[in-house]
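The next block holds one structure in the form of structure tokens; read it before the comments.
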Amino acid sequence: MLELVDIAGPVRLELAYRQMYAVCPITKVRDTYDVEIMLTCRAQKSIELRSLSLYLKKFKDREILCENLAHQIMADLAALKIFRHIKIILHQHASEAVEITAVAAFYEDTSDS
């Protein structure tokens with residue numbers, strides 16, 4: 001479960017996680033990812049980093065495509081409703097010669113209409 005912490009005010013966070021894992025639903029082989037997470041907090045709340053780390057570890061045995069994994073992480077963070085901006089970048093190390101990058105982003109609608 002993603003937990004929140006109180007902070008003094010709006011802030012931008014840039015986080016990097018090395019060696020996140022998930023299972024390819026096609027090959028059934030465990031994929032390795034490096035994850036970049038960029039968050040802009042709205043006000044006095046942010047994500048508790050240990051809970052975010054544990055959240056990412058829950059995908060270790062889950063079958064999910066790289067593109068869907070980036071979107072799932074973004075959607076789960078957006079559901080917290082504390083971020084103005086979320087950007088998830090996954091770098092999948094498919095082989096020694098191939099790296100796949102998937103990007104999912106959320107931008108809060110600030111229009112008054």
Do we find a residue being among the basic types (Lys, Arg), at pLDDT 95 or above and surrounded by fewer than 13 Cβ atoms within 10 Å (Cβ to Cβ) anywhere in the range 73-81? no
Residues in the range 11-33: is at least one farther than 24 Å from His93 by Cβ and surrounded by 15 or more Cβ atoms within 10 Å (Cβ to Cβ)? yes
Kindly indicate which of Ala97, Ala79 is without any contact (Cβ under 8 Å) to a residue 24 or more places away in the chain, under 15 Å from Leu2 (Cβ atoms) and small (Gly, Ala, Ser). Ala79
What is the residue count in the range 34-63 for residues that are hydrophobic (A, V, I, L, M, F, W, C), over 14 Å from the mean Cα position of the chain (by Cα) and either under 28 Å from Glu96 (Cα atoms) or crowded, with 16+ Cβ neighbours inside 10 Å (or both)? 1
Output the residue which, of all residues in the range 67-113 that are part of a strand (DSSP E or B) and among the small types (Gly, Ala, Ser), is farthest from Thr32 (Cα to Cα). Ala105
When you scan the range 24-66, how many residues do you find that are in a loop (DSSP other than H, G, I, E, B) and acidic (Asp, Glu)? 2
Residue under evaluation Ile7, criteria (1) farther than 22 Å from Leu69 by Cβ; (2) surrounded by 13 or more Cβ atoms within 10 Å (Cβ to Cβ); (3) in contact (Cβ under 8 Å) with a residue 40 or more places away in the chain, criterion not met: (3)
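The values are calculated or read from the model by the stated rules, or taken from the named source; none is laboratory data. Being a predicted model, the structure only gives us computed values, none of them experimental. Reconstructed Cβ throughout: ideal geometry from the backbone, glycine too, with neighbour counts over all protein chains shown.
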